[in-house]
Amino acid sequence: ETPIEYLKGVGPNRGTLLRKELGIHKYGHLLNFFPNRYIDRTRYYKINELQNNIAEVQIIGKIINVKTVEFGKNQKRLVATFVDDTGQMELVWFQGHKWIRESLKLNEICVIFGKCTSFGNTFNMAHPEIELMTEHQQSLRSAMQPVYPSTETLANRGISNRVINKMMQQLFVETQAKFSETLPDYLIAELKLIPKNAALFNIHFPKSAEALAKAQFRLKFEELFYIQLQLITKNLIRKHKIKGHPFTKVGDYFNNFYQNHLPFELTNAQKRVIKEIRIDMGSNAQMNRLLQGDVGSGKTIVALMSMLIALDNGFQSCLMAPTEILANQHFNGLSELAKELNINIKILTGSTKTAARKIIHEELENGSLHILIGTHALLEDKVKFQNLGLAVIDEQHRFGVEQRSKLWKKSNPNPSDEGEHIPPHVLVMTATPIPRTLAMSLYGDLDISVIDELPPGRKPIQTVHRFDSNRLKVWKFIRDEIAIGRQIYIVYPLIEESKTMDLKDLMDGYESISRDFPLPQYAISILHGKMKPADKDAEMKRFAEGKTNIMVATTVIEVGVNIPNASVMIIESAERFGLSQLHQLRGRVGRGADQSYCILMTSHKLSADSKTRMETMVKTTDGFEIAEVDLKLRGPGDLMGTQQSGVLNLQIADIVRDRDILQLARNYALKILKDDAPMQKPENAVLRATYIELTKKKNIWNYIS
């Protein structure tokens, strides 16, 4: 806990810099400031083995002469010739000539260290570190030298890697490396982990690659283990503390629908998920479940059947969607499914008229309205339920935590009720597949259900990648599809930073498509963010009713628009989209029984990442596989959206690369908590103490759903 400026060699000025640039306030922060790579100082190179731009290398040899060379206007550099028994190279300095010249010892065996570049046939090393062989053998140097993350300001203010290394040595001298153990003995023994002391020493001063690997494993496991311990505890406490309405009955509404009105046979995945939801809602705890299912996997029917269970137990339900288009679609879909059931379903959005609102408010409070579907409008204070038993939230990452907590409070409108407030069961739905590793970390406190098969009769969408030069062939294909009565989407990227340019692309595209597909034979709709909501809806409606053949749009259409007759999705400049976006867009077609196609148009110039994205899209339609590739390409912070890049400020572990360690950590956390949830057993004393310490710091937990 000692403030960092008290460390010998730091002082107030450097202390301020370390605080501001690296967030290092105390000894403990410096201790947990881990290197991001290491340089192997066990290997010595010969001059004839050098290649351009290998990372830093060290070479044994001697300096045989030194000269000053002039270049450019009034500029000089100092050049020394360095030789070993295989050849010669040059050492170069651009500043500090006087004292460097004085310090260089000619014809003595020394070790040089630095980065090599070749100029013509000669290799040179700029500003090398030089040590006489006699000193080199004595210095306390670990074989693997740590390189710490840095910033431009630090480099400019003279806090180099060497300086941080010195501070680290000083820290270990002052504290005598006495750090308390943070994991229980039985865990260390079972996983053959090295002690905390040894791990911290070897992460900063590894004697060998093997010692480093053991230290990294120990520290990564510990970090992920405590995160999992926190999440699982949170889940257990919630199940224990937060009561839910026990829906013990599966009655007429559910059975009548299941036996007589199911439009198609449920898939096994849907049956499994409904069973998981039924068990959750039947227990005395509040359900908090995340339902993941790819685009078109039939989440809506699962939501409806869950709502019917609530109805059978005398409770109301609501479904909240992020946009009006989506809310309308859910409303139409659910009304169609439930039309024989004699249920009152209504929709509430920003554009609901006052008279209709009044009726909704009344029916909600007297209990005659069974299911309410809507947008954020559901959260208004005026909206009060008689007894809300189930809240379904679609695409939950678009709603904040406060918004969800407002929904919780809707379930008990009468504050004078004695008895405690029981929140509704919550079912969160998403079509954005979240890779298992991320789901375990970000939603570790939710139970997860997955619908991993598509309804029968759906043909997989065929995806192809075409370059702009094949456009004529693609246009011919579109004409053929329109001729047999199909409709086409053509989507252009719209990226905030380049809005005007993108809008111009869209308009240019629209004009050239209008020339290639002229009226009266073809009709084209256009849709973009600058249009008025009423115009958007009108265009969408024309397309939905089949009055236009082609819809030219920006990504406005990515979520949830359902037009079974649209069979071709063309994505322009596909290299500018992320994988999950491409996958979402592709999910707009393939809604009917016909074969659908997705055509990715790109220019010939593609980066390696873009190539990987196109190949992945062509190869698979499995959203989870795509999400895994996306996670590898973009890293965890990016995947959850930049505004949440702080989601997991992990100090050493990496959710993507260390997924096996994450799984191991989760399994152990589950096992320990199953056996001793309050961590009261004597052998878990260390665990409990560390856990309490960590939860005080709150560095990560507040971010989690």
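The values are calculated or read from the model by the stated rules, or taken from the named source; none is laboratory data. Values in this document were obtained by computation on a predicted structure and should not be read as measured data. All Cβ positions, glycine included, derive from the backbone under ideal geometry; neighbour counts span all protein chains shown. Keep in mind that these areas ignore ligands, DNA and RNA; they rest on the heavy atoms of the full protein, side chains included. Shrake-Rupley method; radii C 1.70, N 1.55, O 1.52, S 1.80 Å.
Here are the numbers for this structure:
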{"item": "Selected residue (criterion: nearest to Ile422 (Cα to Cα)) from residues of the stretch 263-284 that are among the charged types (D, E, K, R) and surrounded by fewer than 21 Cβ atoms within 10 Å (Cβ to Cβ)", "result": "Arg278"}
{"item": "Conditions (1) of a type in the set (Ser, Thr, Tyr); (2) in contact with a Lys or Arg (Cβ under 6 Å, 6 or more places away or on another chain); (3) closer than 30 Å to Ala211 by Cβ: number failed by Tyr45", "result": "(2)"}
{"item": "Any hit, the stretch 239-262, residues being under 30 Å from Ile194 (Cα atoms), open to solvent by less than 80 Å² (accessible area, probe 1.4 Å) and touching a Gly at 6+ places or on another chain (Cβ under 6 Å)", "result": "no"}
{"item": "Conditions (1) open to solvent by 40 Å² or more (accessible area, probe 1.4 Å); (2) more than 17 Å from Thr432 (Cβ to Cβ); number of the one not met by Met569", "result": "(1)"}
{"item": "Selection count, the stretch 295-319, where residues are part of a loop (DSSP other than H, G, I, E, B) and either touching a Cys at 6+ places or on another chain (Cβ under 8 Å) or open to solvent by 10 Å² or more (accessible area, probe 1.4 Å) (or both)", "result": "6"}
{"item": "Subset of the stretch 320-351 [open to solvent by less than 30 Å² (accessible area, probe 1.4 Å), farther than 22 Å from Tyr258 by Cβ and either of a type in the set (Val, Ile, Thr) or in a helix (DSSP H, G or I) (or both)]", "result": "Leu326, Ala327, Thr349"}
{"item": "Some residue of the stretch 217-237 being open to solvent by 50 Å² or more (accessible area, probe 1.4 Å) and closer than 18 Å to Glu190 by Cα", "result": "yes"}
{"item": "Met287 under 28 Å from the mean Cα position of the chain (by Cα), under 30 Å from Pro435 (Cβ atoms) and surrounded by 20 or more Cβ atoms within 10 Å (Cβ to Cβ)", "result": "yes"}
{"item": "Ile227, sole failed condition from (1) under 21 Å from Arg666 (Cβ atoms); (2) without any contact (Cβ under 8 Å) to a residue 24 or more places away in the chain", "result": "(2)"}
{"item": "In the stretch 94-122, the residues that are open to solvent by less than 40 Å² (accessible area, probe 1.4 Å) and either under 30 Å from Glu210 (Cβ atoms) or outside any helix (DSSP H, G or I) (or both)", "result": "Gly96, Leu104, Cys110, Val111, Ile112, Phe113, Gly114, Cys116"}
{"item": "Meets criteria (open to solvent by less than 40 Å² (accessible area, probe 1.4 Å), assigned to a helix (DSSP H, G or I) and in contact (Cβ under 8 Å) with a residue 24 or more places away in the chain) for Leu600", "result": "no"}
{"item": "Residue identified as assigned to a loop (DSSP other than H, G, I, E, B), closer than 18 Å to Val568 by Cα and charged (D, E, K, R) among Arg542, Arg479, Arg458, Arg466", "result": "Arg458"}
{"item": "Any pair with Cβ under 8 angstrom, 6 or more apart, that starts in the stretch 292-303 at a residue that is more than 16 Å from Thr432 (Cβ to Cβ) and ends at one that is surrounded by 23 or more Cβ atoms within 10 Å (Cβ to Cβ) and among the basic types (Lys, Arg)", "result": "none"}
{"item": "Which numbered condition Glu615 fails, given (1) buried (at least 17 other Cβ atoms within 10 Å of the Cβ); (2) farther than 22 Å from Asp480 by Cβ; (3) not basic (Lys, Arg)", "result": "(1)"}
{"item": "Residues within the stretch 485-522 that are closer than 22 Å to Asn565 by Cα, open to solvent by 10 Å² or more (accessible area, probe 1.4 Å) and among the hydrophobic types (A, V, I, L, M, F, W, C), tallied", "result": "1"}
{"item": "Pairs where the first residue, in the stretch 60-71, is under 13 Å from Glu90 (Cβ atoms) and open to solvent by 60 Å² or more (accessible area, probe 1.4 Å) and the second is among the polar types (S, T, N, Q) and not in a strand (DSSP E or B), C-beta under 9 Å, 6+ apart", "result": "Ile64/Asn107"}
{"item": "Qualifying residue in the stretch 506-519 (condition: part of a loop (DSSP other than H, G, I, E, B) and under 33 Å from the mean Cα position of the chain (by Cα))", "result": "no"}
{"item": "So Leu78, is it surrounded by 14 or more Cβ atoms within 10 Å (Cβ to Cβ), of a type in the set (A, V, I, L, M) and closer than 18 Å to Met133 by Cα", "result": "no"}
{"item": "Residue under evaluation Ile24, criteria (1) surrounded by 12 or more Cβ atoms within 10 Å (Cβ to Cβ); (2) assigned to a helix (DSSP H, G or I), criterion not met", "result": "(2)"}
{"item": "For Phe33: the one exception among (1) open to solvent by 60 Å² or more (accessible area, probe 1.4 Å); (2) within 20 Å of Gln170 (Cβ to Cβ)", "result": "(1)"}
{"item": "Only one of Asn202, Asn197 that is over 17 Å from Arg37 (Cβ atoms), without any contact (Cβ under 8 Å) to a residue 60 or more places away in the chain and open to solvent by 10 Å² or more (accessible area, probe 1.4 Å)", "result": "Asn197"}
{"item": "Residues of the stretch 123-158 satisfying the condition of being surrounded by 13 or more Cβ atoms within 10 Å (Cβ to Cβ) and among the β-branched types (Val, Ile, Thr)", "result": "Ile130, Val147, Thr151"}
{"item": "Of all residues in the stretch 47-91 being among the β-branched types (Val, Ile, Thr) and within 50 Å of the chain's Cα centre (by Cα), the one that is nearest to Gln137 (Cα to Cα)", "result": "Ile60"}
{"item": "Selected residue (only one of Ser351, Ser283, Ser317 is modelled with pLDDT of 95 or more and of a type in the set (Ser, Thr, Tyr))", "result": "Ser317"}
